[in-house]
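**Q** My structure is below; once you've seen it, I'll send some questions.
Nothing in this text is a laboratory measurement; each read-out follows from the coordinates by a stated rule. Please read all numbers here as calculations on a predicted model, not as lab measurements. Every residue, glycine among them, receives a Cβ derived from its backbone with ideal geometry; neighbour counts consider all protein chains shown.
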Amino acid sequence: MTTVEIVYRYATPPTEQVALALAHARDVYGIRQLGFDRAARTLRIEYDATRLNAAAVTKLVREAGLDIAPDIAEGEPLLPAPAPAAVLPPTV
């Protein structure tokens, strides 16, 4: 199993009907987790890349009715990679 995470930014908050449809997407074999960040207006999906690809996950999200912002490229991470931790000199 190869776990991959993809993040989508949505333009309008999901309705109850969309949230229920996305909850049912968890029943799709290969979808592992779904999580909303309402402050950032993002949906984070963890999936098994041996079963699904980014295009299939995007299709599921769109079929559920979530209005994905048009500036998101499929499979493109939304959040930048974390900066490397600063190395502090040893204390004596």
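**Q** What is the distance, in nm, between label points placed 7 Å from the Cα along the Cα-to-Cβ direction at Thr12 and at Arg26?
**A** Using points 7 Å along Cα→Cβ, the separation is 2.5 nm.
**Q** Ok, one more. Evaluate the distance, in nm, between pseudo-label points positioned 7 Å from the Cα of Ala40 and of Arg62 along their respective Cα→Cβ axes.
**A** Between Ala40 and Arg62, the simple spin-label model gives 2.3 nm.
**Q** Evaluate the distance, in nm, between pseudo-label points positioned 7 Å from the Cα of Met1 and of Asp48 along their respective Cα→Cβ axes.
**A** For the pair Met1/Asp48, the computed spacing is 0.6 nm.
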